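Below is one structure, written out as structure tokens; comments come after it.
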Amino acid sequence: MLIVPERDIADLMTPEAAFEAVESVFAAMASGAAYNFPVVREAIGHENALYGFKGGFDRSGLTLGLKAGGYWPDNLAKRGLINHQSTIFLFDADSGMVRAMVGGNLLTALRTAAASSVSIRHLARKDARVLGMVGAGHQAKFQLRAALKHGNFDKVIGWNLHPEMLPGLAEVAAEAGLPFEPVELDGMRAADVIITIMSSFAPVLMAGHVSPGTHIACMGTDTKGKQELDPALLARATVFADEVAQSVTIGEAQHAVAAGLIAETDITQLGAVINGSHPGRTSADQITLFDGTGVGLQDLAVAAAVVTLAERRGTAIEVSV
Ligand code: NAD
């Protein structure tokens, strides 16, 4: 069995490798070659923790496994550890033997950022130049860094409920040599692409804040009850998701579907656009929306990529089982 510890991930994994891994597993999901297992998520009644498993199997790459982890709200204050903790386990699809154990904390941020970047590549207008960020927390910086690597933007604008967090986004824009401008939500009308990534339980980005032709990657809503967008935006947009079943239960579409504004059948898997079986954006005025809820197969795809990189570099720790 190989171990790739959390401390090694930053040196091994790149946004480019994460992009490729996530793009190809989304395509495999849409073609039926890969599927996610039902998610287990439990309040364990200890340390206020939420703990669970996200797993799946990709027959095309023979990637089988799960991510185990969750949220310990007091970790930072009590232990100086980050609140989200996860570990990914990969198994040999032929024998069931454990193959690898991989630190999942940084990989979660990289695979989430890769998902929105893949949506931007396949759904945004090719002339998109202004990137709007709504949210400025831990994930937002990864989202911005990945989007700037894969898009052709020349300006970043941003809004956050807590404006004191916006300089973190300005720093990431500066790394890419781009200007950053804080705006009110109304100012998001200037954006060609908008990424939303907040811990919000009520709509923040309203239909009037978005111009025709925009691509929105809605990345913060990954649990029942969370919400970032005005449901009217989903009714106006052509909606795509990593996985439709998750989109309507724990994703942003849960609210528009419950309000009867859209139906589950109105939502297309992003992988169908990657595979070419759905045309994706068909006009410059169309609003496209990606509901990225986060699936186990994304975690397995980036973990498998990191194990390959660690083996190549000779840094994977081998343990006999
Ligand atoms: P964080 O705590 O670092 O940042 C939270 C962000 O939300 C900040 O910008 C904060 O100002 C903002 N915010 C908090 N309360 C708000 C409110 N009521 N209204 C508007 N904005 C509010 O969190 P993070 O790690 O950056 O995660 C952000 C979200 O992304 C969380 O909801 C998290 O569960 C989700 N997430 C999704 C995926 C996925 O695959 N889709 C993966 C990881 C995290």
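Listing for the model above:
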read-out	value
Sole residue being within 16 Å of the ligand (Cβ to nearest atom), at pLDDT 95 or above and more than 17 Å from Ala113 (Cα to Cα), chosen from Ile317, Ile267, Ile250	Ile267
Residue that is nearest to the ligand (Cβ to nearest atom), among those in segment 108-137 that are among the β-branched types (Val, Ile, Thr) and part of a helix (DSSP H, G or I)	Thr112
Within segment 138-175, tally of residues that are buried (at least 16 other Cβ atoms within 10 Å of the Cβ) and either outside any helix (DSSP H, G or I) or among the hydroxyl-bearing types (Ser, Thr, Tyr) (or both)	8
Matching residues, segment 199-221, being within 9 Å of the ligand (Cβ to nearest atom) and not β-branched (Val, Ile, Thr)	Ser199, Ser200, Phe201, Ala202, Cys218, Met219, Gly220
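The values are calculated or read from the model by the stated rules, or taken from the named source; none is laboratory data. On a predicted model such as this, the values are computed, not experimentally measured, just so you know. Methodologically, a virtual Cβ is constructed for each residue, glycine included, from the backbone with ideal geometry; neighbour enumeration extends over all protein chains shown.
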